[in-house]
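Inspection log for the structure reproduced underneath, given as structure tokens.
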Amino acid sequence: MSEQYTYAVARIRALEVSLFSNSAVDQLIACADYSQCIQFLQERGWGDSDTPADAEAILTREEEKIWEVVRELSVDMDKFDVLSYPKLFHNLKAAIKEVCTEEENRHIFYEDVSIPGKVMLDVVREKDFGKLPHNMQAAAEEAYETLLHTRDGQLCDVIIDRAALEAVYEAGRQAEDDIIRDYAESTVGVADIKIAVRSQKTAKSLEFMKRAMAECASINVDQLAKAALSGMDAIREYLSGTAYAEGAEALADSPSAFERWCDNRIIQTISPQKYNAFTIGPVIAYVIARQNEIKTVRIILSGKLNDLQDDSIRERVREMYV
Amino acid sequence: MSIWSDLGIVYALLGAAVAVFLAGAGSAIGVGIAGQAASGVVTEDPSKFAKVLIMQLLPGTQGIYGLLVGFITLSKIGLLGGGAADISVTTGLLILAACMPIGIVGLISGKYQGKTSAAAIGIIAKKPDQFGKAMLFPAMVETYAILALLISILSVTAISI
């Protein structure tokens, strides 16, 4: 029924007012130092009254607040799978590495996902991959065996990252909502481009790229990988003929401009949801926008901590949703 | 008196029922949709209560229009005064037809006005100073309910008993 998200969307509209606009981000950049930035964030209601005046604590609390709101909206949480897959697959990656290297590390797992760290560790330790969701099983087994036998951590990462991209794409393909489809398409497309750019810089082989890239409709993986072999100009030339032509321009500017474009592209994909009143779209867009906002604030804060010039911080700052 | 001749008053009463029932249902749906949106906004910002309440009430008018036509019909056929008029089947059907516009248009416009109100509540959530403009969008839907009300009242009063 089309009215089932009416309450949720109206509440999200009210919450969008407190999202950072581009001018609020400018104000944050204009703060003299790190402590002033923290004060600015606290004045804007970031963190809670008992949250320590520390960037990581505030940002973690803000991330938690996103999901607290979403849970209160009583919407189907399956719709958010597409957003939680990267965290879920990260947990798998971390668990496999921890089991294979027999090292114990703290704070390497995300706990706000369907399979938290401890459960994931048990699954990997017992090699009981059948307990994992269907789209993780094969990748988990392959990555585990690969890391155990070759000790090649990067290959393990590649296998799991590709499986994560495929899971996102599949969730998008099966979704009824346009935003999930568009988000999945953009996410996989942008990820493939990132792989191509990084592989070109580190002179990876065609086989490696094909193993890392996931198929999607907006990018021809074969052509992109071959372009990456020929050089950065070839990547730009290929991109200029696709829906990601702006990425080619960003690549020409600087690496940080390209990274910025990758995130901006996702925000552009979700922007039409600002004018949608009756679907899950604005809720998903809000979650992505909040995550983007937190990421931007993290970039600014680390820039301030490391005494970066305002201009070089500004170059890295992402476009805001509102 | 045969059963067929008695049907006149039944049709006339059915007309009043259709006006009240369909237009009222339209308003109930519309006010319900707008109410969900209003609750969403008030959850986050209780200071906007008055503005969103007005928006929620806009789709409520169809029910009142249906009630009005229902009253006129009941008084026309004498049921309100206690003595039902002797109404032929033809006249009964005419009254039923006269009640149809506000019934059907009330149902449809009530639902869509509710959806428009819900969308307009989104405007108030983000830009409360644009309340006047936001109210105009659902008010546009009202036009057609008023046109239907006009035709229903004119028709019911024009039928001679």
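The values are calculated or read from the model by the stated rules, or taken from the named source; none is laboratory data. Keep in mind it's a predicted model, so treat the numbers as computed, not measured. Quick reminder, even Gly has a Cβ in these numbers, built from the backbone with ideal geometry, and neighbours come from all protein chains shown.
If you check A:248, A:289 for being away from chain B (no Cβ under 14 Å), among the aliphatic types (A, V, I, L, M) and buried (at least 19 other Cβ atoms within 10 Å of the Cβ), only one passes: A:248. From the residues in the range A:77-89 that are touching a residue at least 40 places away in the same chain (Cβ under 8 Å) and either out of contact with any Ser or Thr (no Cβ under 9 Å at 6 or more places or on another chain) or of a type in the set (Ser, Thr, Tyr) (or both), which one is farthest from residue A:184 (Cα to Cα)? So the residue we want is A:89. Scanning the range A:196-216 for residues that are among the aliphatic types (A, V, I, L, M) and surrounded by 14 or more Cβ atoms within 10 Å (Cβ to Cβ) yields A:196, A:197, A:209, A:212, A:213, A:214. Considered as a group, the residues in the range A:120-177 that are over 27 Å from residue A:283 (Cα atoms) and of a type in the set (Asp, Glu) include one that is nearest to the chain's Cα centre (by Cα), and that residue is A:157. When the range A:10-21 is filtered for residues that are more than 7 Å from chain B (Cβ to nearest Cβ) and either buried (at least 21 other Cβ atoms within 10 Å of the Cβ) or among the hydroxyl-bearing types (Ser, Thr, Tyr) (or both), the ones remaining, listed by number, are A:12, A:18, A:20, A:21. The sole residue among A:295, A:204 that is in a helix (DSSP H, G or I) and either touching an Asp or Glu at 6+ places or on another chain (Cβ under 9 Å) or of a type in the set (Lys, Arg) (or both) is A:295. Is it true that residue A:191 is assigned by TED's automatic domain parsing to the domain that holds residue A:242 and either under 13 Å from the mean Cα position of the chain (by Cα) or not in a helix (DSSP H, G or I) (or both)? Spelling it out, residue A:191 is indeed assigned by TED's automatic domain parsing to the domain that holds residue A:242 and either under 13 Å from the mean Cα position of the chain (by Cα) or not in a helix (DSSP H, G or I) (or both). Go through the range B:25-47 and give me each residue that's crowded, with 19+ Cβ neighbours inside 10 Å and more than 23 Å from residue A:75 (Cβ to Cβ). Hits for the range B:25-47 are B:26, B:27.
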